[in-house]
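The values are calculated or read from the model by the stated rules, or taken from the named source; none is laboratory data. In this text the structure is predicted, and so the values were computed from the model without any measurement. No Cβ is skipped: glycine too gets one built from the backbone with ideal geometry, and neighbour counts run over all protein chains shown. With ligands, DNA and RNA removed, areas are computed over all heavy atoms of the protein, side chains included. Shrake-Rupley method; radii C 1.70, N 1.55, O 1.52, S 1.80 Å.
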Amino acid sequence: MDITFEHVTHIYGQKTPFEKLALDDVSLHIPSGSFTSVIGHTGSGKSTLVQHINGLLKPSKGKITAGDVVIRANEKKQSLKKLREKVGFVFQYPEHQLFEESIIKDVCFGPMNFGVSDSEATKRAEESLNLVGIPASYWHRSPFDLSGGQMRRVAIAGVLAARPQAIILDEPTAGLDPKGRQEMLDLFAELHKRLSMTVIMVTHNMSDAAIYSDQVIVMNDGKPLMIGPPEHVFLQTEQLRRVGLESPETMLFLDKVMAKARKKERIPAFTIDQTADVVIQILNGVKNHV
Amino acid sequence: MFNLVIGQYVPSDSYVHRLDPRSKLIGVFLFVVIVFLADNWLTNGLMVLFCFTGILLSRMRFSFIYKGLRSVFIIVFITFLLNLFLASGGDTLFQWGWLRVTSGGLMQSIFISIRILVIIVVTTLLTLTTSPIEITDGMESLLNPLKKVRLPVHEFALMMSISLRFIPTLLEETEKIIKAQAARGSDFTTGSLKSRIKALVPLLVPLFVGAFKRAEDLAMAMEARGYHGDAGRTKLHQLNWSWRDTMLLTAILLLTVLLILTRN
Ligand SMILES: Nc1ncnc2c1ncn2[C@@H]1O[C@H](COP(=O)(O)OP(=O)(O)OP(=O)(O)O)[C@@H](O)[C@H]1O
Ligand SMILES: [Mg+2]
């Protein structure tokens, strides 16, 4: 599902003393089937940006096109609901949205709201629960008896059960342990690859943004500062530093190695394997010189 | 979505902001009482003048206060109409069937509308210029004598400040959960009454779960930091009464005297 922003401005609390310009004339494009990360300093407008994509916020000015739905400042409710069915949204701490007496009922909530029949909703719920790895023996228990990480999986299954074409993740790994984090990210990568979903992820972790995405959007002060593939964005160390961001740790590590080897060039490498390859290249290079 | 002006605090550094919360509380209380002394054009004019002076001194924008008052205009208007047709006295201005408007009735309804409006403006001004913490500190200090008769004034003030402190948090949380459920296709604003009430369940359950959890965390954190109630506890914000506060109360006293002298 292609997503396009055209001159989108968002002002919170318009015409009060608390007025806040959160998005300032943003134009950008998110291609169908891509994995896009949104990074930026706290308060730079990341959440505000992504909440426009499924109509949770309406622009104060400008227009957003998502698939065949267009959202302008005075959009009607009906078109928003149609959009929400196609674009799933996983909030930070999504486990806070659980409310039903059993896990399976909670996961059915989304599809039923979108007018899917009982039996079809249950089928989809079971599918999604399998996808996020909640074993069938849990399905009829209360969601409030689960651990934090499991609750989050159930909440994500609740979003997936509506079968969205695109999914938005606002800091989906906040508060998870390293293993839980990794599993969560692998899940999203799989959704992206296997179901060719368009994924949009807000994150504070540069390595995650670098490893998983095709496109990185750097937000600063309500405006996109850079948009491009991670190999390009994360080479702009100076620009990133200016807006309070760092390159991924692998890049920082390689910078140090390069400095030791007295080389200037910079090669983008984000995973441990890539980094190891680059280090080997450097070491070989150094040896050849000596 | 929650842009009610009444009850909101707008930080700033005006004359009114810097007043001691105690003088503001006493002032507003006295003002609300003496409003009822006003019974002619002059006295009502004085009340309005006092309000305008207050707004000017607080450096609040008139348009902002006007916007906040818009929602109460309807109440004022209904009261106005009721009084217009029910109160009598003076000459008949016009008559339509059994509906009769008299000059006395008209005056009385105007006065009552002014009365409601100035009361609302003054209390709004209090909350706009005084943070909730200051208000509770002020109340606790004013109610202090009641501790002698074993009234739990401190606990009451603590409860109040905790509730006030968590109102914005709860509103934020509510907004977040509404958004999260809306993203799953639930709809709180359309459909029949029954379906709307049903749509509240996915909102209320997470809200309560969160509130209880937060209360537990807070109690634990307070205990961990040695909170043991009122005895021997010092204050972070000392209230201090300045000449400005004395001025405010003097002004209100003068206003009272003027009202008594000029009323019918
Ligand atoms: N509901 C709201 N009302 C008023 N202002 C808001 C609201 N939500 C966000 N803002 C303001 O808009 C700006 C952008 O907020 P946003 O939540 O989009 O930032 P963010 O990049 O997601 O930050 P974070 O990394 O902390 O989540 C901030 O300055 C914030 O204070
Ligand atoms: Mg955010």
>> Keeping all protein chains in the complex and leaving out DNA, RNA and ligands, what accessible area do you get for A:His232 with a 1.4 Å probe, in Å² to the nearest 10?
In response: 100
> How large is the accessible surface per residue of segment B:86-141, computed with a 1.4 Å probe and reported in Å² as a whole number?
Replying inline: 48
> Rounded to the nearest 0.05, what FRET efficiency is calculated for B:Leu164 and B:Arg18 with R0 set to 25 Å and r the Cβ-Cβ distance?
Replying inline: 0.75
> Can you list the residues of segment A:1-40 whose accessible area drops by at least 10 Å² going from the chain on its own to the full set of protein chains, with a 1.4 Å probe?
Replying inline: A:Lys15, A:Thr16, A:Pro17, A:Phe18
> Accessible area drop of at least 50 Å² (1.4 Å probe, protein heavy atoms): which residues of segment A:72-99 qualify, relative to the chain alone?
Replying inline: A:Lys77, A:Phe91, A:His96, A:Gln97, A:Phe99
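Counting only heavy atoms of protein chains, what accessible area per residue, in Å², does segment A:129-205 have with a probe of 1.4 Å?
41
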> Of all the C-alpha pairs in segment A:9-92, what % are more than 18 Å from each other?
Replying inline: 45
> If you count the DSSP beta bridges with both ends in chain A, what percent of them are antiparallel, to the nearest 5?
Replying inline: 55
>> Is the C-alpha gyration tensor of segment B:162-264 telling us rounded, prolate or oblate? Criteria: a/c under 1.5 is rounded; beyond that, a/b larger than b/c is prolate, otherwise oblate.
In response: oblate
>> With the cut-off at 1.5 for a/c, could you classify chain B from its C-alpha gyration tensor as rounded, prolate or oblate?
In response: oblate
> B:Thr256: net charge of surrounding residues, Cβ under 15 Å, Lys/Arg +1, Asp/Glu -1, itself excluded?
Replying inline: 0
>> If I compute solvent accessible area with a 1.4 Å probe over the protein chains, what percent of it on segment A:248-290 is carbon and sulfur?
In response: 59
> Once you average over the residues of B:198-207, how many Cβ atoms of partner chains fall within 10 Å of each Cβ?
Replying inline: 3
> How about segment B:161-186: which of its residues lose at least 30 Å² of accessible area in the presence of all protein chains relative to their chain isolated, using a 1.4 Å probe?
Replying inline: B:Lys176, B:Lys179, B:Ala180, B:Ala182, B:Ala183, B:Arg184, B:Gly185
> Between B:Leu171 and B:Glu216, what is the label-to-label distance in nm when each label sits 7 Å out along the Cα-to-Cβ direction?
Replying inline: 2.8
> Per residue, how many Å² of accessible area does segment A:248-290 show with a 1.4 Å probe?
Replying inline: 74
> Tally Lys and Arg at +1 and Asp and Glu at -1 over the other residues with C-beta under 15 Å from the C-beta of A:Gly40: what net charge comes out?
Replying inline: -2
> When the Karplus curve 6.51 cos²θ - 1.76 cosθ + 1.60 is applied with θ = phi - 60°, which whole-Hz ³J(HN,Hα) does each residue of segment B:205-212 get, with x for Gly and Pro?
Replying inline: 4, x, 5, 5, 3, x, 5, 5
> If you build a Gaussian network model of chain B, linking Cα atoms that sit under 10 Å apart, which residue out of B:Tyr66, B:Tyr227, B:Tyr15 swings the most?
Replying inline: B:Tyr227
>> With just the Cα atoms defining each centre, how far is segment B:107-167 from segment A:43-90? Give it in Å.
In response: 41
> Between B:Leu146 and B:Val48, what FRET efficiency follows from the Cβ-Cβ distance if R0 is 41 Å, with the result rounded to 0.05?
Replying inline: 0.70
> Using a Gaussian network model of chain A with C-alpha springs under 10 Å, which one of A:Ala189, A:Ala136, A:Ala209 is most mobile by mean-square fluctuation?
Replying inline: A:Ala136
> What shape does segment A:248-290 take by its C-alpha gyration tensor, where a ≥ b ≥ c are the square roots of the eigenvalues and a/c under 1.5 counts as rounded, a/b above b/c as prolate, and the rest as oblate?
Replying inline: oblate
> When the helices in chain B are scored as -39500 (n - 2.57) per DSSP H run of 4 or longer and the sum is shared across all residues, what 222 nm value do you end up with, to the nearest 500 deg cm²/dmol?
Replying inline: -23000 deg cm²/dmol
> Too long at a 31 Å Cα-Cα cut-off: which of A:Lys76/A:Lys223; A:Lys76/B:Lys198; A:Lys105/B:Lys194; B:Lys148/B:Lys213?
Replying inline: B:Lys148/B:Lys213
> Cα centroids of segment B:211-229 and segment A:193-247: how far apart, whole angstrom?
Replying inline: 39
> Summed for both chains, how many Å² of accessible area, to the nearest 100, are buried between B and A with a 1.4 Å probe?
Replying inline: 2100
> Carbon and sulfur: what percent of segment A:1-65's accessible surface (1.4 Å probe)?
Replying inline: 51
>> For a quick check: with amide H placed at 1.01 Å from N, whose amide H comes under 5 Å from A:Gly88's, ignoring anything fewer than 5 positions away on the same chain?
In response: A:Gln165, A:Ala166, A:Ile167, A:Ile168
> Along its principal axes, what span do the Cα atoms of segment B:1-126 show, with the longest given first and each in whole Å?
Replying inline: 55, 35, 19
> Counting only protein heavy atoms, what percent of the accessible surface of chain B is carbon or sulfur at a 1.4 Å probe?
Replying inline: 70
> When chain A is treated as a GNM, springs tying every alpha-carbon pair under 10 Å, which of A:Met201, A:Met219, A:Met251 comes out with the largest mean-square fluctuation?
Replying inline: A:Met251
